[in-house]
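One structure is given here, and the rest of the page talks about it.
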Amino acid sequence: SQKQGIAVHALPVTRLQNYISSLLASFTLMGLPVIANGIILFIMSFAGYGKLICPASVILWIFVFLSILFIMFSVSAFSAVLTGNAAANIVINAFIHALAPIIALTIWLVCDIFLYGFVMSDNFIAESLIEYTPIINIFMKVANNLGDYKFFVCPEIWFYLIGAIVVYILAFVLYKNRKIESCTEIAAFEIFKPILKYSISTAAAIVTFA
């Protein structure tokens, strides 16, 4: 609510301190269960379950899940700054995560409906958009390199992580310039209102085609 927003920002801390503390708290809540589970698996691998649980796979599993959480939460932090409405935050967050597959689906639907004789090939651009969606790409790398340390040198993984850091920085820049009065607004910035309007229109058009 607006009162809660005013109360939080009335505390003797800067917006940077508030932003970093919120991120650290979120990372702790998300990461501790993964790390704890990893420790349990490590103990099990050296306590008679070595044939079933490989320590290398445990390390890879921890890294993959922490990477996915770090990447996905960057979008959550960014969408939370764009809107002051909790329901809108969920919708915007889901929309940004699914943006590449949505674009791919749109290209495929338009070509399939309006392009006579269209046949999807293996190098169709829509396939690439889906393949290089961060979460899908990471899971594909895991499936192909499970237990192999070559996963750690895959350039796409580090590109996604660096991209997530950039998104966190952009989210802070927006948060620093966001007005407290916009805590309950669906669009926290005036420039975001037409983007939100046309995004909803596009999504409705895609659903109509489907």
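The values are calculated or read from the model by the stated rules, or taken from the named source; none is laboratory data. Just so you know, these numbers come straight off a predicted model, no measurement behind them. As a convention, Cβ positions derive from the backbone with ideal geometry for all residues, glycine included, and neighbour counts pool all protein chains shown. The area values use the complete protein model at the heavy-atom level, side chains included, leaving out ligands, DNA and RNA. Shrake-Rupley method; radii C 1.70, N 1.55, O 1.52, S 1.80 Å.
Descriptive notes on the structure:
- Criterion applied to Ile40, Ile59 was being farther than 30 Å from Asn85 by Cα, assigned to a helix (DSSP H, G or I) and modelled with pLDDT of 85 or more, and the one residue passing it is Ile40.
- Applying the criterion of being more than 26 Å from Ile165 (Cα to Cα) and touching a residue at least 60 places away in the same chain (Cβ under 8 Å) to the residues of region 10-56, the residue that is least open to solvent (accessible area, probe 1.4 Å) is Ala56.
- Lone qualifier among Leu105, Leu66 - being assigned to a helix (DSSP H, G or I) and closer than 18 Å to Phe27 by Cβ: Leu66
- Members of region 82-102 that are under 17 Å from Arg178 (Cα atoms) and part of a loop (DSSP other than H, G, I, E, B): Thr83, Gly84, Asn85
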